[in-house]
1. So which GluC sites (Glu not before Pro) in the range 138-173 end up in coil per DSSP with only 16 or fewer other C-beta atoms within 10 Å?
2. Measure off 7 Å from each Cα along the Cα-to-Cβ vector at R23 and R123, then give the distance between these two points in nanometres to one decimal.
3. Within the accessible area of the range 1-96, what % is carbon and sulfur when the probe is 1.4 Å and the other protein chains stay in place?
4. Can you list the GluC sites (Glu not before Pro) in the range 1-62 that are in a DSSP coil and have 16 or fewer other beta carbons within 10 angstrom?
5. Taking amide hydrogens as modeled 1.01 Å from N in the peptide plane, which residues meet the under 5 Å criterion relative to Y114, leaving out close sequence neighbours?
6. Calculate how large, on average over all directions, the projected area of the Cα convex hull of the range 1-106 is; give the answer in nm² to one decimal.
7. Keeping all protein chains in position, work out how much accessible area D7 exposes to a 1.4 Å probe, and write it in Å² to the nearest 10.
8. Using DSSP to define loop residues, name the trypsin sites (Lys or Arg not before Pro) in the range 73-154 whose beta-carbon has at most 14 other beta-carbon atoms within 10 Å.
Amino acid sequence: LDLPDTDENAEFFGRGGNGSESRNPYPQVRALALALAGTRGLLAAAHGPSGVGEQTLATDLLPALGPRMLVLADRNFASYKLWRAAAGTGAQLLWRMSASFKLPPGQVLPDGTYLSELRPPRRKDGPPIRVRVVEYSVITTDEDGREVSELFVLATTLLDEAAYPAMGLAQLYHLRWQAE
């Protein structure tokens, strides 16, 4: 988010950038919010300088998580450390995983999902965490009329495929930004 162009804001928050050499004309704050799906009611928010990553800010939202919650997150949030901390709050997780995560299939479940493990970067970081993986493709049409297929890989703490069918989890993930 752009901030007023003051020396104090530029010094503390930085100006950010878009990955090229150019810098933004205004100081920028990175903000992260924990919101209810559907109503978009805010439960918690965190902010920091433009150079602070989303995973770092997400740790400030952990105290707002708890049992009886299902937390949906995009692929920028996936890390062993953040997953372990978020699951430790008692909340259930359904997160899209980036391609950098290796989630080798273990037991394949009747609905086509499979059990796998999130492995720590180092052994001393903790034991592997058991997760259920839901993989599916979404086919869309680009502006030239060509069909484009995108693979989605979701990991979840909801291990029971009978209680939490794969189709329902996939649909739920895609509804995360729609207001009812």
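1. Hits after loop and neighbour filter: E143.
2. About 4.5 nm, to one decimal.
3. Carbon-and-sulfur percentage of accessible area, whole number: 51.
4. Those that pass, being in a loop and sparsely packed, are E21.
5. L109, V133
6. Average projection, Cα convex hull of the range 1-106: 8.8 nm².
7. 130 Å²
8. Answer by residue number: K102, R122, R146.
The values are calculated or read from the model by the stated rules, or taken from the named source; none is laboratory data. In this text, all values refer to a predicted model and were calculated from it rather than measured experimentally. Note: ideal-geometry Cβ built from the backbone for every residue, glycine included; neighbour counts use all protein chains shown. Only protein heavy atoms, including side chains, enter the accessible area calculation; ligands, DNA and RNA are left aside. Shrake-Rupley method; radii C 1.70, N 1.55, O 1.52, S 1.80 Å.
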